[in-house]
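A short write-up of the structure that comes next.
The values are calculated or read from the model by the stated rules, or taken from the named source; none is laboratory data. All values derive from a computational prediction rather than experimental measurement. Reconstructed Cβ throughout: ideal geometry from the backbone, glycine too, with neighbour counts over all protein chains shown.
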Amino acid sequence: MSTIPGQIRLSWQDPVTGEQKNPLLTCPIAFGREFARMPADLQGQRVARIVLNSSQVSRYHTLIEWVQGHIQVTDQNSSNGTWVNGVLQPSCNVSSGDLIKIGPYEIALMFTLDGRGLPTAEASEQSIIQVPEPEAAAEPDATPVNVLPPAFQAHQVGVQDLYATQLPIEEIDYLAVGAGLGSFIWVNFLRIFGAAPQQIRALGIADRPYARYQRLCLNSQIPPHERLRSNSDSCPDNIWGWPGYALREAWHEFNKGKTKAAWHYLWQVFAEPTFAQTYTPRAGNVFASIDREAVRIGWPQIYRFGRVRAIRQTNDGRYAIAYSPGRRQTAFVIARHVHLATGYPVLQFLPDLKAYREQTRDFKSVVNAYEDHNHVYETLERQGGTVILRGRGIVASRIIQRLHEARHRNPHISILHLMRSPKPQGNRFGKAQRLVDNHFEFQPFNWPKACWGGTLREVLEQATPDQRTNLLADWGGTTTADRLDWKQLVQTGLDQGWYQITFGEVTRVVPNAQARPTTYIQEQGPRGEIQLEADFIIDATGLDSKVKTSPLLNDLVTHYNLPLNPAGRLAVTNDFELLEMRNQQGRMYGAGAITFGGPYAAVDSFLGLQYTALQAVDGLVAARAPNLHRLNGLNSLRQWLKWAQNQAP
């Protein structure tokens, strides 16, 4: 073995954070879970070391090296083996565009050969770039304005200094920043635990707590009558979870005389997912139930419109929140306890598609699944055409279903599903392994059941940050709903030819002579670079919640030098407190996607938001926060009866 001057670009998506990694390295390259000591045959050499955080990865797992004029991948007697293009390989030569699978990591190799036959890295960067949501520009007062007084830049702001600005100030006990579902659930717990509406404020830019979630559902083609694609085992409007959505829907069907449908919903809930498809509620039913609960707990009195600009500690043990209630206006809220639930700040766009839109200013042919793109389906229903779909998670599965519905009006619609790599087997943890069908990885739950409330949740709580990274890599990954109708739809499309799957690494996307987006990919095998033409490209790769993409959170982390967890999110305690922000008796908590990588896996699910809120409010009760009392059995029953009768807490 010898070190070569040429370089290879590796490209993979982190299964925990979703972040794209693109190192440019020189052989030899060693992959493993840890490298306390390199093997004897590599000692004394300059070796590029790639650490992959997963228990499915051996300490020294795989080696890429230059052997007799070829790039060779060799498994190092690992426990789970090394897969090359979907085939388990002890050792083999590889070409540009090939994919190696090491545990849950799928890594693409990109290189060309120079005149001496040495590898030279491909020039294209495939990192995922986050861009602001297109919808943000249409929201009122979206233009950032630097209207904060100089006193607000202090580490601890003087309350009297804020009053000296003569700007509007409100003092409150509890403040929810975001005013979305995470804020609503926390406020709901506060009310049930004893806080009065006049003690609470929720700051955000939409008066309905589900407005942003509803918009994302509509854009990703989930109208009110459609069922949510992800698992929804709890009710944002009911902390007790009884009756759940399935029981309510079954009761409604019983009253309409639809006994068979009613029993079907109950079977879905009470049977194991092995025997029945997981129940999920209709989107419209969820929103209607939240509307009812919002009125019951006094949300209209609690909510205030405002775009939060910055958060600071005060010199009396509280927090000052600067926000804009209107264009070029500033106001402050001073609160003893603060809850951050800002959700996903931006859409996530693949760089080749972002570059295409910037260069061509064509925002109609290349779209994100989470932005309004109904024109795509309307055009296809009139004219027919071809769609390239990128991504293969829950949203991608719904987009395929929506395109199939469009084919009922115009059968001249075809789908080309572009995937980076095949999926030969599902993610594995212990003795459990996910099912795979047509390169989709299925799981009726986004995470293993025990992550939600069982033994794996306790394991995650007790783990160190690095151990949590390993566990989340093993439990996570891109999955879609394990639903029979959906799987039959995909198989029908493959059999009839209107749905096809292609694998390859995208090198560029450019317009052709007819101004249609043309995708060039480095395909696996001898064909090399090929081009794919389509009328539309839909990016269904998801959302981004890393702290650096949120100006508010980035300012908070930078100003107070707050630690981030290995997933790039806020580091929180097991009750979701930002411990470094504690200010005498004041407490600050986080919730939702901005805490991913912490003590709970599915933090952005309905159940995750409720679990987070319960932990935070229990922490406030222990800290003797104003008017809060721990629920005992009798008080809990009394509050449930009030919920059932739609009476205020």
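Restricted to the stretch 470-500, and to residues there that are over 17 Å from Ser397 (Cα atoms) and among the acidic types (Asp, Glu), the residue that is nearest to the chain's Cα centre (by Cα) is Asp474.
Screening Gly393, Gly430 for residues that are modelled with pLDDT under 95, over 24 Å from the mean Cα position of the chain (by Cα) and closer than 29 Å to Asp98 by Cα leaves exactly one candidate, Gly430.
Okay, residues lined up against (1) in the same structural domain as Phe305 (by TED's automatic domain parsing); (2) surrounded by fewer than 17 Cβ atoms within 10 Å (Cβ to Cβ); (3) of a type outside the set (Phe, Trp, Tyr):
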| site | (1), (2), (3) |
| --- | --- |
| Thr165 | yes, yes, yes |
| Leu175 | yes, no, yes |
| Phe193 | yes, no, no |
| Gly204 | yes, no, yes |
| Arg208 | yes, no, yes |
| Ser220 | yes, no, yes |
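Residues of the stretch 579-601 that are part of a loop (DSSP other than H, G, I, E, B) and on the phi > 0 side of the Ramachandran plot: Gln584, Gly597. Among the residues of the stretch 387-437, the one identified as of a type in the set (A, V, I, L, M), touching a Lys or Arg at 6+ places or on another chain (Cβ under 6 Å) and over 29 Å from Thr518 (Cβ atoms) is Val436.
Here Ala450 fulfils each of the conditions (1) small (Gly, Ala, Ser); (2) modelled with pLDDT of 90 or more; (3) farther than 26 Å from Thr541 by Cα apart from (2).
Consider the stretch 321-349 and keep the residues that are part of a loop (DSSP other than H, G, I, E, B) and crowded, with 19+ Cβ neighbours inside 10 Å. The one that is modelled with the highest pLDDT is Ala341. Candidates in the stretch 225-251 are the residues that are touching a strand residue (DSSP E or B) at 6+ places or on another chain (Cβ under 7 Å) and of a type outside the set (D, E, K, R); of these, the one that is farthest from Ile334 (Cα to Cα) is His225.
Here Gly608 qualifies as part of a helix (DSSP H, G or I), within 30 Å of Asp466 (Cβ to Cβ) and modelled with pLDDT under 95. When Leu556, Leu609 are checked against the criterion of being buried (at least 20 other Cβ atoms within 10 Å of the Cβ) and touching a Gly at 6+ places or on another chain (Cβ under 8 Å), a single residue qualifies: Leu609.
The single condition among (1) part of a loop (DSSP other than H, G, I, E, B); (2) touching a helix residue (DSSP H, G or I) at 6+ places or on another chain (Cβ under 8 Å); (3) surrounded by 22 or more Cβ atoms within 10 Å (Cβ to Cβ) that Ile538 does not meet is (1).
In a residue-by-residue description of the stretch 587-596, the property of being touching a strand residue (DSSP E or B) at 6+ places or on another chain (Cβ under 7 Å), touching a residue at least 24 places away in the same chain (Cβ under 8 Å) and surrounded by fewer than 19 Cβ atoms within 10 Å (Cβ to Cβ) applies to no position. Residue count for the stretch 290-307, restricted to those that are assigned to a helix (DSSP H, G or I) and either among the basic types (Lys, Arg) or touching a residue at least 60 places away in the same chain (Cβ under 8 Å) (or both): 11. Hey, can you tell me all the residues within the stretch 633-649 that are farther than 30 Å from Gly317 by Cα and outside any helix (DSSP H, G or I)? Selection gives Gln645, Asn646, Gln647, Ala648. For the stretch 509-521, check the following and say yes or no: at least one residue is at positive phi and either touching a Lys or Arg at 6+ places or on another chain (Cβ under 9 Å) or part of a loop (DSSP other than H, G, I, E, B) (or both). Yes, the stretch 509-521 contains a residue that is at positive phi and either touching a Lys or Arg at 6+ places or on another chain (Cβ under 9 Å) or part of a loop (DSSP other than H, G, I, E, B) (or both).
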